[in-house]
Structures are given as structure tokens and as C-alpha cells.
Amino acid sequence: MPFTLSTMSICSIEDIAAHTKAPFWFQLYVMRDRGFIERLIDRAKAARCGALVLTLDLQILGQRHKDLKNGLSAPPKPTLSTMLNLMTKPRWCLGMLGTKRRQFGNIVGHVSGVGDMGSLAEWTAKQFDPQLNWGDVEWIKKRWGGKLILKGIQDVEDARLAVDSGADALIVSNHGGRQLDGAESSIHALPRIVEAVGSQIEVHMDGGIRSGQDVLKAWALGAKGTYIGRAFLYGLGAMGQPGVAKALEIIHKELDLTMAFSGHTQLKNVTREILLPGTYPTA
């Protein structure tokens with residue numbers, strides 16, 4: 001499965017293309033500056049990204065309670081608690097001091113007037129476009145010309161509109177639960193979306209995948225692909241690249257073992273019959 005690079009990532013599209021031969025996708029956040037979006041799409045094409053993942057649920061930044069509690073901001077604002085925390089992690093601090101990349105590489109240097117974290121934060125706050133609509137999706141698909149995946153679908157009506165838009169796949173996702181507190185979980189929304197459009201478009205799921213068993217449950221409910229964020233980031237934070245490899249290894253092993261205990265050797269034969277009745281959402 002390819003990994004996905006974001007508009008708001010530290011490394012630029014060109015950085016990734018220059019340092020890997022593995023396939024990767026690009027996740028697009030739509031801004032008011034359509035010229036910037038056109039250039040971003042063209043850069044993704046030039047880097048031979050395998051698919052464009054269009055984010056539908058970040059046109060307004062949510063009230064992220066953990067970010068507010070922890071004082072997360074761009075640029076970071078040092079506080080007594082964060083300084084004390086950093087003092088307990090000298091190895092990490094030295095590693096960060098030695099890194100070459102401390103900006104959002106897909107934006108800084110590619111937008112007039114944005115040259116540091118301060119100007120970046122001001123530009124970003126004004127740029128998320130709440131007027132994103134299905135006409136924009138059509139325009140982006142035409143400009144891109146390749147595989148288009150729509151991320152952030154949570155209800156049947158939007159899933160049907162995704163089919164009508166000509167997208168190649170959709171991702172059932174609530175943005176990790178960070179955008180709207182109390183939003184329905186992805187696994188709960190998944191079955192009815194699969195039932196409504198699963199024969200017309202490939203349905204994937206994002207959110208809450210922490211183990212191989214989670215992967216198998218999502219597959220059993222109709223997802224043809226699942227995405228992980230925190231699981232591999234925990235590995236990255238703990239051990240760097242070997243930690244990511246270890247996290248993927250653990251998930252793979254858990255998936256194999258759960259399939260074996262469920263009496264299956266091929267994923268394509270797994271259905272919701274492996275799940276206990278009454279323990280999973282239905283359409």
C-alpha cells in the first residue's frame with residue numbers, strides 16, 4: 001500500500017520523490033488561492049504520485065481540544081511545561097536541532113510572502129476554503145487527470161455524490177475524530193456506505209486502526225483498504241525508521257493470526273460472518 005504525503009507535511013513532494021522509489025500518493029487540502037492549488041497538483045503530477053487524495057473535511061479548522069489544552073501552535077510558543085518536557089528528551093532535541101527541515105515544505109517557498117512559520121500560520125488561517133463544492137471536485141479531477149480518492153465521507157448522500165463525481169475511490173473518515181467532537185466513528189458509518197455504493201466505487205476506511213485485528217474487522221464490513229496514522233507515528237517517535245517497520249510488522253502478524261483463528265487463509269474470502277452478531281454496526 002502506498003504512503004500518503006500531505007499538503008501540510010514537513011517534506012515537500014520533490015523531497016519525497018528524490019529519496020524514495022516506493023509509490024506514494026498526495027493528499028490535497030484545497031485553499032482559496034486556486035493558483036497555488038493548480039501548481040501543487042502540477043507538482044504532484046511531475047513527481048509521478050500514484051493518486052491524489054482530496055480532503056473534504058478540513059475546510060474549517062475544528063476546535064481541537066487536545067491542541068488547545070497542550071498549547072499547540074505554529075510557530076510553537078515555548079512555555080514552562082514544554083521546556084521542562086523537552087529537558088527530559090535531550091536525544092530528541094539534538095536530533096531536531098540537526099534536521100534540515102523545519103517548515104512546511106509544500107508551502108514555504110511556493111507562496112508569495114510566506115517565508116517562515118509566522119507568515120505561514122497567518123496565510124494558512126486565511127486560506128482554508130469553506131466554499132469547496134462538487135464543482136471544485138470536478139475541476140480538480142480534470143486538472144489532475146489521474147486516480148482521484150475522496151477522503152472524509154461519512155454519510156450515504158455524500159458517498160453517492162462521490163460516485164457521481166467520477167472519483168475512483170472514497171475514504172470513510174472523521175479525520176481522526178479531531179475535526180468535530182462527537183462525530184460518528186468511521187467503523188460505524190462504514191457498513192451503510194458500503195451497502196449504498198460499494199458496488200460502484202472502491203470504499204476505504206480511515207480512523208481507529210491500531211492493530212491487525214482492526215484491519216480485518218474493517219475488511220469484514222466492506223472496506224477494501226484501511227489507513228493508519230497514529231500506529232506508525234508511535235513507532236516513528238519511539239525508534240525512528242526501525243520503529244515504523246516494527247509497527248507494520250506487528251499489524252501484519254496480528255492480521256495473519258486473527259485470520260488463522262477465524263479459519264481463513266485468504267483475505268478475499270473474509271466476510272462479516274467472522275464477527276460476533278450484535279458486536280458490529282449494520283447498515
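The values are calculated or read from the model by the stated rules, or taken from the named source; none is laboratory data. Remember, it's a predicted structure, so these values are computed and weren't measured experimentally. Note: ideal-geometry Cβ built from the backbone for every residue, glycine included; neighbour counts use all protein chains shown.
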Quiz prompt | Check on Thr258, at pLDDT 95 or above and hydroxyl-bearing (Ser, Thr, Tyr) | solution = yes
Quiz item: Quick one: which helices (runs of 4 or more DSSP H) sit completely within segment 1-100 and have at least 3 residues that are surrounded by fewer than 18 Cβ atoms within 10 Å (Cβ to Cβ), hydroxyl-bearing (Ser, Thr, Tyr) and touching a residue at least 12 places away in the same chain (Cβ under 8 Å)?
Solution: none
Exercise. Please list, ordered by first then second residue, the pairs with beta carbon atoms under 7 Å, 6 or more apart or interchain, first in segment 247-260 and among the hydroxyl-bearing types (Ser, Thr, Tyr), second in a helix (DSSP H, G or I) and modelled with pLDDT of 95 or more.
Key: Thr258/Gly212; Thr258/Gln213; Thr258/Leu216
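Could you say which residue among Gly243, Gly208 is more than 30 Å from Arg143 (Cα to Cα) and in a loop (DSSP other than H, G, I, E, B)? Full working, then the answer.
Values: Gly243 fails: in a loop (DSSP other than H, G, I, E, B).
Of the residues listed, the single one that is more than 30 Å from Arg143 (Cα to Cα) and in a loop (DSSP other than H, G, I, E, B) is Gly208.
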Quiz item: Looking at segment 162-186, which of its residues are in contact with a strand residue (DSSP E or B) (Cβ under 7 Å, 6 or more places away or on another chain) and either farther than 26 Å from Arg143 by Cα or free of Cβ contacts under 8 Å to residues at least 12 places away in the same chain (or both)?
Solution: Ser186
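Kindly indicate the residue of segment 221-235 that is under 21 Å from Lys151 (Cβ atoms) and assigned to a helix (DSSP H, G or I) and also nearest to the chain's Cα centre (by Cα) among those meeting that condition.
So the first thing to find is which residues in segment 221-235 are under 21 Å from Lys151 (Cβ atoms), and the list is 221-233.
If we keep only those that are assigned to a helix (DSSP H, G or I) too, we end up with 230-233.
On the way: Arg230: 10, Ala231: 12, Phe232: 12, Leu233: 12 Å.
Of everything passing the filter in segment 221-235, Arg230 is nearest to the chain's Cα centre (by Cα).
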Quiz item: What number goes with the only condition from (1) under 18 Å from Val53 (Cβ atoms); (2) assigned to a helix (DSSP H, G or I); (3) of a type in the set (A, V, I, L, M) that Ala121 does not pass?
Solution: (1)
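Taking the options Leu248, Leu257, Leu276, name whichever one is in a helix (DSSP H, G or I), surrounded by fewer than 15 Cβ atoms within 10 Å (Cβ to Cβ) and not acidic (Asp, Glu). Steps first, please.
Working: Leu248 fails: surrounded by fewer than 15 Cβ atoms within 10 Å (Cβ to Cβ); Leu276 fails: in a helix (DSSP H, G or I).
Unique residue meeting the criteria: Leu257.
For every residue, the table says whether it meets (1) at pLDDT 95 or above; (2) buried (at least 21 other Cβ atoms within 10 Å of the Cβ).
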| site | (1), (2) |
| --- | --- |
| Ala162 | yes, yes |
| Ala169 | yes, no |
| Arg178 | no, no |
| Gln200 | yes, no |
| Ala218 | yes, yes |
| Leu221 | yes, yes |
| Arg230 | no, no |
| Tyr234 | no, no |
| Ala238 | no, no |
Quiz item: Which residues, taken from segment 106-158, are touching a Ser or Thr at 6+ places or on another chain (Cβ under 7 Å), farther than 30 Å from Lys77 by Cβ and surrounded by fewer than 18 Cβ atoms within 10 Å (Cβ to Cβ)?
Solution: Trp134, Glu138
